[in-house]
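Have a look at the structure below, then the notes.
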Amino acid sequence: MSDKPRIMIVDDEEMVRMNLEAFLEDEQFAVLGCETGEEALQQIESFDPHLAIVDMRLPGMDGNEFILEIKTFRPDIKIIIHTGSTEYSLPAALISLGITSEHILYKPLSDMSVIAELARQLLD
């Protein structure tokens, strides 16, 4: 397994996921993209991510549900919420896990380095 920090991207938009994967790999992260929360949960154990970048609008399990689920057995995993919804507000359950508005980035990102910087900050 790579000694690079491992980031899992959970986003059903293929272009967003692929662009993030390519950018973060260039930034020296090991990256795995998943289309759904269910797929990501299946990959958690083998990939063992340090951080997950999670879209909120996902088919099936939504981003909030995914984060709550993953935090039950991986409380150490860091979270970045990456959403296109300008109306998104953090539910109390996520706030109780220590997730704050600082963990939310809105699509489209005009500068992708913002997500790499936030990831580095959270992983330090």
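Annotations for the structure displayed:
- As a length-normalised measure over Cα pairs under 8 Å and 6 or more apart, the relative contact order of region 13-84 settles at 29 percent.
- Once the 1.4 Å probe is applied to the protein heavy atoms, the chain comes out at 52 Å² accessible per residue.
- Anchor Lys4: lysines whose Cα lies under 18 Å away (excluding residues fewer than 8 positions away in-chain): Lys78
- Candidate values (i) 13, 46, 32, 8, 1; (ii) 12, 29, 23, 17, 12, 7, 1; (iii) 13, 52, 33, 2 were compared with P(r) over Cα pairs in 10 Å bins from 0, in percent computed on the shown model; the agreeing label is (iii).
- For region 69-76, Karplus couplings with θ = phi - 60° (6.51, -1.76, 1.60), whole Hz, Gly/Pro x: 5, 5, 5, 5, 10, 9, x, 7
- Where only DSSP H runs of four or more residues are counted, the chain gives -12000 deg cm²/dmol as its mean residue ellipticity at 222 nm, each run worth -39500 (n - 2.57).
- Of Ile53, Ile81, Ile70, the one that fluctuates the most in a GNM where the chain has Cα springs shorter than 10 Å: Ile70
- Spin-label pair Asp12-Asp48: with each label point 7 Å from Cα along the Cα-Cβ axis, the two points sit 3.2 nm from one another.
- Expressed as a whole percent, the accessible surface of the chain that belongs to carbon and sulfur atoms is 50, based on a 1.4 Å probe.
- Highest-MSF residue in the chain out of Ile95, Ile67, Ile44 [GNM, Cα springs under 10 Å]: Ile95
- Whole-Hz Karplus values for region 6-17 come out as 9, 10, 9, 10, 10, 8, 7, 8, 4, 5, 4, 4 Hz, taken residue by residue from phi with 6.51 cos²θ - 1.76 cosθ + 1.60 and θ = phi - 60°; glycine and proline positions read x.
- Note on Ser89: accessible area approximately 80 square angstrom, rounded to 10, probe 1.4 Å, nucleic acids and ligands left out.
- Extension gain for Ser96 to Phe73 (0.36 nm times residue separation, less C-alpha to C-alpha distance): 6.7 nm.
- Hz values of 3J(HN,Hα) by residue in region 41-50 - Karplus curve (6.51, -1.76, 1.60), Gly and Pro given as x: 4, 5, 8, 3, 5, 6, 7, 6, x, 8
The values are calculated or read from the model by the stated rules, or taken from the named source; none is laboratory data. What you see is a predicted model; the values in this text were computed from it and never measured. Note that we place each Cβ from the backbone using ideal geometry, even for glycine, and neighbour counts take in every protein chain shown. The area values use the complete protein model at the heavy-atom level, side chains included, leaving out ligands, DNA and RNA. Shrake-Rupley method; radii C 1.70, N 1.55, O 1.52, S 1.80 Å.
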